[in-house]
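Trainee: Below is a structure I'd like to ask you about.
The values are calculated or read from the model by the stated rules, or taken from the named source; none is laboratory data. The model shown is predicted, which means the values in this text are computed figures rather than measured ones. Here the Cβ positions follow ideal geometry from the backbone for every residue, glycine too, while neighbour counts run over all protein chains shown. Protein only, heavy atoms only, side chains kept; ligands, DNA and RNA dropped before computing areas. Shrake-Rupley method; radii C 1.70, N 1.55, O 1.52, S 1.80 Å.
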Amino acid sequence: MNIKKAVIPAAGLGTRMLPATKVVPKEVLPLADLPAIQYLVEEAVNSGIQDIIIITSRTKTAIEDYFDYSPELEAHLEAAGYGEKAAELRKFADMANIVCVRQKEMLGLGHAILTAQPYVGNDPFAVLLGDDIILSERPVTLQLEDAYREFGGMVIGVQEVPIELISRYDSVKMSPLRDRLYDVSAVKEKPRPEEIYTNYAILGRYILSSEIFDVLRHLPPGHGGEIQLTDAINALCGTQRITAVDFEGQRFDTGNLRGYLQAQIELSLRHPTVGPWLREYIKERAKTL
Ligand code: G1P
């Protein structure tokens, strides 16, 4: 079965990027000349997904506005001789079928995913976390879909992180299957030192089955008093096959300033018009650092 739907949780308050995120949702902060969330939507679309559910919150109307038409602006651009720009804006708005659903209370990532249930139904679905921008040749969601087509069940995207940082993520207990694939037997959110299984963590990409919703609905609060997606996945270990893909790609946590700046530099260097200029600028500037 092909994955046709994706959920992008984007309701977080953006506290690590304040004050910039006081009035502007972190998901629409620019990376080169695109808002961050567009990279996630493009990844989903390039992975064959057309139906995208973005979980927002009451201060984040800019996200849905971005994916709407803007008739006045488009008309103005056309009249001023910028028809190509107007067409580009239309193209982005038509890129996918996007619905925005509000998470009314900030009860955690697991709760955000549960909010999507009426729109996901019984189909398996991809999850792309709003903060995790991943640059890769083959879209990471597609790398997970490859494993899903072969093994079914659920799939998580993992990478190694320095062991001293694993408590910021989660730790995955897994045994090698082949190449970059592993069988998962447990996952622990924000592990204490004695709870660390491996230094592999789930980094922002999942393919989940609809069984996750029942588990999430009955799950007690976990780390930080929040409903944790990782806890729900752990509860399904043993009843569902869960495959980890050690995905190929460079991942940036754009929810904090360092990760955001790294993603900014990398994506701007790849930008067709400013990229070559930026490369020269950085080289020149580095001489005086
Ligand atoms: C979330 C997940 C965690 C994951 C991390 C990075 O944590 O709960 O399992 O490793 O994203 O994708 P958060 O960054 O919201 O604390």
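Trainee: Lys and Arg at +1, Asp and Glu at -1: add these up for the other residues within a Cβ distance under 11 Å of ASP170 and post the number.
Mentor: Details: positive: ARG168, LYS173, LYS188, LYS190; negative: GLU189, GLU195, ASP231.
It works out to a net charge of +1.
Trainee: Report the Cα-based extents of the range 39-154 along its three principal axes, largest first, to the nearest Å.
Mentor: 52, 36, 24
Trainee: Another question, if that's okay. Using alpha-carbon pairs under 8 Å, 6+ residues apart, how would you state the relative contact order of the range 201-269 in percent? Working shown, then result.
Mentor: Numbers: 27 pairs, mean separation 13.0, N = 69.
In percent, rounded to a whole number, it is 19.
Trainee: Given contacts defined as C-alpha pairs under 8 Å and at least six residues apart, what's the relative contact order of the chain, whole-number percent? Before the final figure, lay out each step's value.
Mentor: Numbers: 538 pairs, mean separation 62.9, N = 289.
Here the relative contact order equals 22 percent.
Trainee: Cα axis of helix 257-269 to longest principal axis of the chain: angle in degrees, 0 to 90, nearest 10?
Mentor: 60 degrees
Trainee: Determine the alpha carbon to alpha carbon distance for each of LYS60/LYS91; LYS91/LYS188; LYS4/LYS26; LYS60/LYS283; LYS91/LYS287; LYS60/LYS173 and list only those over 30 Å.
Mentor: Numbers: LYS60/LYS91 22 Å; LYS91/LYS188 41 Å; LYS4/LYS26 26 Å; LYS60/LYS283 38 Å; LYS91/LYS287 41 Å; LYS60/LYS173 36 Å.
From LYS60/LYS91; LYS91/LYS188; LYS4/LYS26; LYS60/LYS283; LYS91/LYS287; LYS60/LYS173, over 30 Å: LYS91/LYS188; LYS60/LYS283; LYS91/LYS287; LYS60/LYS173.
Trainee: Across bins of 10 angstrom width beginning at 0, how are the C-alpha pair distances of the range 199-289 distributed, in whole percent?
Mentor: 13, 28, 26, 16, 13, 4
Trainee: Follow-up question, since we're still on this one. As a test of the definition: which semi-axes, in Å, follow for the chain when you take the square root of five times each eigenvalue of its alpha carbon gyration tensor? Largest first, please.
Mentor: Values: eigenvalues 203, 107, 71 Å².
With the √(5λ) rule applied to the chain, the semi-axes are 32, 23, 19 Å.
Trainee: What are the extents of the Cα atoms of the range 95-155 along their three principal axes, in Å, largest first?
Mentor: Its Cα atoms span 35, 27, 25 Å along the three principal axes.
Trainee: Which one of ILE207, LEU177, PRO193 is farthest out on the positive end of the charge dipole of the range 113-242, using unit charges on Cβ (Lys, Arg +1; Asp, Glu -1) and the Cα centre as origin?
Mentor: Positive-most Cα among the choices belongs to LEU177.
Trainee: Rounded to the nearest 20 Debye, what is the dipole magnitude of the chain about its Cα centre when Lys and Arg each give +1 and Asp and Glu each give -1 at the C-beta?
Mentor: Numbers: 31 positive and 40 negative charges, 119 e Å.
It comes to approximately 580 debye.
Trainee: Based on the mean of other beta carbon atoms within 10 Å per residue, what is the order of 251-259, 70-78, 204-212, most packed first?
Mentor: Values: 251-259: 18.7, 70-78: 13.1, 204-212: 22.4.
Top of the packing list down: 204-212, 251-259, 70-78.
Trainee: Considering only protein heavy atoms, what per residue accessible area in square angstrom results for the range 198-273 with a 1.4 angstrom probe?
Mentor: Values: 3310 Å² over 76 residues.
In whole numbers, the range 198-273 has 44 Å² accessible per residue.
Trainee: As a test, work out the antiparallel percent of DSSP beta bridges whose residues both lie in the chain, rounded to the nearest 5.
Mentor: On the way: 26 of 45 bridges.
The antiparallel fraction comes to roughly 60 percent.
Trainee: How much mean residue ellipticity at 222 nm does the chain get from its helices, if each DSSP H run of length 4 or more adds -39500 (n - 2.57) and you divide by all residues, to the nearest 500 deg cm²/dmol?
Mentor: Details: 11 runs with 103 residues, N = 289.
So the helix-based figure for the chain works out to -10000 deg cm²/dmol.
Trainee: Using a 1.4 angstrom probe on heavy atoms only, work out the carbon and sulfur share of the accessible area of the range 19-148 in %. It would help to have the intermediate numbers written out before the result.
Mentor: Numbers: 3200 of 6170 Å².
Looking at the range 19-148 in its full context, I get 52 percent from C and S.
Trainee: For the range 89-177, report the accessible area per residue in Å² (1.4 Å probe, heavy atoms, rounded to an integer).
Mentor: Working: 3980 Å² over 89 residues.
For the range 89-177, the per-residue accessible area is 45 Å².
Trainee: For the range 119-245, with only Lys/Arg (+1) and Asp/Glu (-1) charged at the beta-carbon, what is the dipole magnitude about the Cα centre, in debye rounded to 20? Show your work: numbers first, answer last.
Mentor: Numbers: 12 positive and 19 negative charges, 27 e Å.
With only Lys, Arg, Asp and Glu charged at Cβ, the dipole is about 140 debye.
Trainee: In addition: On the accessible surface of the range 157-257, probed at 1.4 Å, how many percent belong to carbon and sulfur atoms?
Mentor: Numbers: 2210 of 4640 Å².
The C+S portion of the solvent-accessible surface of the range 157-257 is 48 percent.
Trainee: Size of the dipole of the range 91-143 about the Cα centre, Lys and Arg at +1 and Asp and Glu at -1 on the beta carbon, nothing else charged, in debye to 20? Can you show the working numbers first?
Mentor: Details: 4 positive and 6 negative charges, 27 e Å.
Charge dipole of the range 91-143: 140 debye, to the nearest 20.
Trainee: Continuing with this model, one more query. Taking 22 Å as R0, compute the FRET efficiency from the Cβ-Cβ separation of ARG168 and LEU107 and round it to 0.05.
Mentor: Numbers: r = 20 Å, r/R0 = 0.93.
Efficiency computed from Cβ-Cβ geometry: 0.60.
Trainee: Turning to a different aspect of this structure: Note down the relative contact order for the range 125-217 as a percent, whole number, built from C-alpha pairs under 8 angstrom at least six residues apart.
Mentor: Working: 145 pairs, mean separation 37.2, N = 93.
Rounded, it is 40 percent for the range 125-217.
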